[in-house]
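Just below is one structure, and these are the notes that go with it.
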Amino acid sequence: MRILGSILCAAAALAASLGQSQLPAQQQTTKNAENKKAPAANVAEREKKLVLKNGSFQLVREYQRSGERVRYFSAERGDWEEIPAAMVDWDATAKAEAESAKEAEALLKTVHRQEQEQKADMPMEVDASLPVAPGIFLPPGEGMFVVEGKSVTPLDQVGAAIRTDKKQTLKQILSPVPIIPGKKNIEIPGAKAVRRINSDRPEFYLREPPPDPESVSTIQRSSRLGETGPDVELIRLTVKGGKRQLESIRSMFGQQISEDRKPVMIQRWDVAQNVFRFTLGEDLPAGEYAFAEILPDGVNLYVWDFGVDRKTGEKAKKN
């Protein structure tokens, strides 16, 4: 069928060239230049089917019907050609064009939906004017922020210290055999944090500093983070002797054997470049807490602390 169509196209082209021989030389040159020129505006369009009555079709980028002739730009041969209009099945051509338009529209909708899904899944490239609540935006600067209702404020970062547990050391000294493990505690000064939180299900945002490619610490940090983001834990602190204990570390014969801390379950969301959101699965009971970054060699001694004052079962304050 394609062969028959090509023969007919060749015959039509021959007839057209014979007709052109009657034109003046200047007009022939202009006509030939037009015939060789592809439709610039339509080259990028979808190919169409010009369906013939013998069941075959021509793939075209554009066609024009003029009287008893049909002129089209062949997508296969990249040139203008002509055939008699009587050879074209116009109903089938119109149907094929409608189906092609329908498929194109469906494809466009699918691509648009996929793009929207990707945008929703991917974190934002920038965090400028990052909304954290209706009409509330994350303040500039690095650190941990708490969102309570319609307010957002930074958490204070405090330094912790590693101290040897004197009672455990005394046990080691008095023990007849060296089987008592040593113990060190990571402690935060003071029995209570300055920042108090009493809202229902607060949310937290961490903005980390942008990476510095020339910094050795940044290279180590990037290796630690990889593609998963920072390893941050919310830890419930134990108040003892006017201090808040973050973690207990036990060791024996110079080797660390355990790290004891009380993590609270949180979920992390990547919301923008270097910005992470943390949400709680349940209300926090009264007590002292701290967000701590877990490094390869242990807990970062600089933590963000806060406290919760309400009693168990007491309804949180609404901001």
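The values are calculated or read from the model by the stated rules, or taken from the named source; none is laboratory data. This structure is a prediction, so every number in the text was calculated from the model and none was measured. Using ideal geometry, Cβ is built from the backbone for each residue, glycine included, and neighbour counts are taken over all protein chains shown.
Do we have any residue at all in region 102-122 that's in contact with a strand residue (DSSP E or B) (Cβ under 8 Å, 6 or more places away or on another chain) and either at pLDDT below 85 or under 30 Å from ARG277 (Cβ atoms) (or both)?
No, the conditions are met nowhere in region 102-122.
Restricting to region 198-231, count the residues that are more than 18 Å from the chain's Cα centre (by Cα), at pLDDT 85 or above and of a type in the set (A, V, I, L, M, F, W, C).
Within region 198-231, residues that are more than 18 Å from the chain's Cα centre (by Cα), at pLDDT 85 or above and of a type in the set (A, V, I, L, M, F, W, C) number 1.
Scan (1) in a helix (DSSP H, G or I); (2) touching a Lys or Arg at 6+ places or on another chain (Cβ under 9 Å) for the single condition VAL51 breaks and write down its number.
(1) is the only condition that VAL51 fails.
Considering only region 123-148, state which residues are at pLDDT below 85 and either surrounded by 10 or more Cβ atoms within 10 Å (Cβ to Cβ) or among the hydrophobic types (A, V, I, L, M, F, W, C) (or both).
Looking only at region 123-148, we keep the residues that are at pLDDT below 85, and these are 123-129, 133-135.
Once the filter is applied, which keeps residues that are at pLDDT below 85 and either surrounded by 10 or more Cβ atoms within 10 Å (Cβ to Cβ) or among the hydrophobic types (A, V, I, L, M, F, W, C) (or both), region 123-148 yields PRO123, MET124, VAL126, ASP127, ALA128, ALA133.
For region 245-270, give me the residue count where each residue is buried (at least 17 other Cβ atoms within 10 Å of the Cβ) and modelled with pLDDT of 85 or more.
Counting residues in region 245-270 that are buried (at least 17 other Cβ atoms within 10 Å of the Cβ) and modelled with pLDDT of 85 or more gives 4.
So which residues in region 158-167 are surrounded by fewer than 15 Cβ atoms within 10 Å (Cβ to Cβ) and not hydroxyl-bearing (Ser, Thr, Tyr)?
GLY159, ALA161, ILE162, ARG163, LYS166, LYS167
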